[in-house]
Amino acid sequence: MNEQSYISPDVMTTKEAAHYLRVSTKRLLNMVSQGLIPYRKLGRTNRYYKNELDQLLNENRKGPNYGNNVRRKNGDMGGVLL
């Protein structure tokens, strides 16, 4: 059996987590050192739980419901009820 068969798909290496988040490995490690990305130490290597990375992405969501109190050019408040 190869090593990959023992590793849960929900636990990722640094390289796998960077690929999953679509950032460089260097950027991921910078975010880890800034305390922005949760991880676990396994010996000398970091491991990342997929569900924690998903949660991080969901918590940092930006989009239509983000910043609704910003007035648009036409004066519309973007559906905000005052």
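The rows are residues; the columns are (1) small (G, A, S); (2) assigned to a helix (DSSP H, G or I); (3) modelled with pLDDT of 95 or more.
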residue	(1), (2), (3)
M1	no, no, no
V23	no, no, yes
N58	no, yes, no
Y66	no, no, no
R72	no, no, no
M77	no, no, no
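Would you be able to tell me the number of residues in segment 26-57 that are of a type in the set (S, T, N, Q) and surrounded by 14 or more Cβ atoms within 10 Å (Cβ to Cβ)?
Summing the residues that are of a type in the set (S, T, N, Q) and surrounded by 14 or more Cβ atoms within 10 Å (Cβ to Cβ) in segment 26-57 gives 1.
Name the residue that is nearest to Y49 (Cα to Cα), counting only residues in segment 3-19 that are hydroxyl-bearing (S, T, Y), modelled with pLDDT under 95 and part of a helix (DSSP H, G or I).
Y6
The values are calculated or read from the model by the stated rules, or taken from the named source; none is laboratory data. Fair warning: this is a prediction, and the values are worked out from it, not measured in the lab. Here Cβ is always computed from backbone atoms with ideal geometry, including for glycine, and neighbour counts include all displayed protein chains.
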